[in-house]
Amino acid sequence: MKSFQKVAMVFFLLSMIAVRAVSQTNSSQADAQTVSKLNKFRTDYCKSILDGKIDRLQNYFVDTIRLMPPFQKTVLGKVNASSYFRAFTNRFNVHSYIRHEIEMLDLGQQILETGLINMRMTVRSTGKEFDIVAKYLNLWVKTQTGEMRLLTEAWNADRYDGELHDLVRFDEVPGIHAAFLPNVTVTNNISFELAALNRLLDETVTNHDANTWSRYYSDDAMLLASYASICRGRSAIDEYINAHVLEMPVFEELDIRNDRIDNLGIFVVEYASHIASWRNGKRSGVGLGKNIRIWRREPDHTLKLFRSISMYD
């Protein structure tokens with residue numbers, strides 16, 4: 001009996017340690033040193049947008065950095081990323097640029113940063129002024145020497161502005177439509193699982209099925225959708241999706257894809273995109289978009305969306 005009690009107690013303690021480990025991993029804040037380095041980058045970033053001295057950002061980028069701006073092809077590589085920022089500051093005179101972080105979370109092999117953007121700028125050629133409220137999601141990696149390098153950056157605006165969208169497209173900057181990249185081949189359990197979730201999501205969005213769509217998100221998820229403020233938590237996300245499906249066109253065909261998956265353990269980072277053939281009354285067309293989706297393995301072993309940001313090409 002004592003032996004059984006001892007085994008039971010050991011099992012209980014191991015279970016509690018496992019639960020606590022999952023909980024800590026799910027909510028782990030970046031350490032103070034990492035926070036300090038990311039804060040310095042944010043300061044340098046804002047300075048560079050304001051004074052146009054883009055070269056000071058180069059040392060923060062990984063060689064294969066991926067920029068995912070709205071209404072722009074995905075920009076790959078350090079040289080092309082610098083070209084994008086240079087084109088932006090050449091076209092706009094930025095009078096005010098503020099980034100305020102919301103969170104910096106340790107995902108194990110990567111650091112997740114989300115935050116808000118406020119900028120006021122004028123078009124140099126016309127003097128047209130824009131006040132923009134936006135949001136961003138950055139993913140960072142730590143080098144062997146302990147330095148932080150920016151792996152991916154994505155941002156979108158909180159409201160629709162057709163005139164601005166044309167202005168933030170820089171055709172001279174080399175880029176690719178992520179939706180035209182090859183799908184990740186199903187070679188392991190994670191790619192298999194995400195392929196299945198994406199096929200269901202094709203049908204869910206096509207059918208404007210808000211209830212099923214909402215099930216993709218964790219209760220503490222954060223959704224950074226285009227043309228909307230940040231949605232935090234179950235209630236806000238449900239409200240957004242219920243309203244969003246009422247605005248959507250008819251999808252004659254929808255293909256939700258991914259070109260890269262970073263399996264970090266409890267967290268999975270998916271670089272996703274879509275090709276949508278749509279119809280709305282007498283209007284029709286083909287739309288392209290891109291996403292960063294950060295999934296989290298839940299206690300019941302399901303994958304749920306923990307953080308997500310979307311941009312149109």
TODO: Please enumerate the residues belonging to segment 169-189 that are within 27 Å of LYS73 (Cα to Cα) and surrounded by fewer than 19 Cβ atoms within 10 Å (Cβ to Cβ).
DONE: ARG169, ASP171, GLU172, PRO174, ILE176, HIS177, PHE180, LEU181, PRO182, ASN183, THR185, VAL186
TODO: Output the number of the condition that GLY52 fails; it satisfies all remaining conditions of (1) under 19 Å from THR34 (Cα atoms); (2) modelled with pLDDT under 95.
DONE: (1)
- [ ] Considering only residues that are crowded, with 22+ Cβ neighbours inside 10 Å and closer than 25 Å to PHE180 by Cα, look in segment 294-309 and name the one that is farthest from the chain's Cα centre (by Cα).
- [x] TRP295
Open item on the list: With the requirement that a residue be closer than 16 Å to MET68 by Cα and either hydrophobic (A, V, I, L, M, F, W, C) or free of Cβ contacts under 8 Å to residues at least 40 places away in the same chain (or both), what does segment 168-202 give you?
Closed with: VAL168, PHE170, ASP171, VAL173, ILE176, ALA178, ALA179, PHE180, LEU181
TODO: Tell me, please, whether a residue that is over 18 Å from ILE294 (Cα atoms) and either at pLDDT 95 or above or among the polar types (S, T, N, Q) (or both) can be found in segment 213-226.
DONE: no
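The values are calculated or read from the model by the stated rules, or taken from the named source; none is laboratory data. All figures in this text were calculated on a predicted structure; none of them were measured in a lab. All Cβ positions, even for glycine, are placed from backbone atoms using ideal geometry, and neighbour counts span all protein chains on display.
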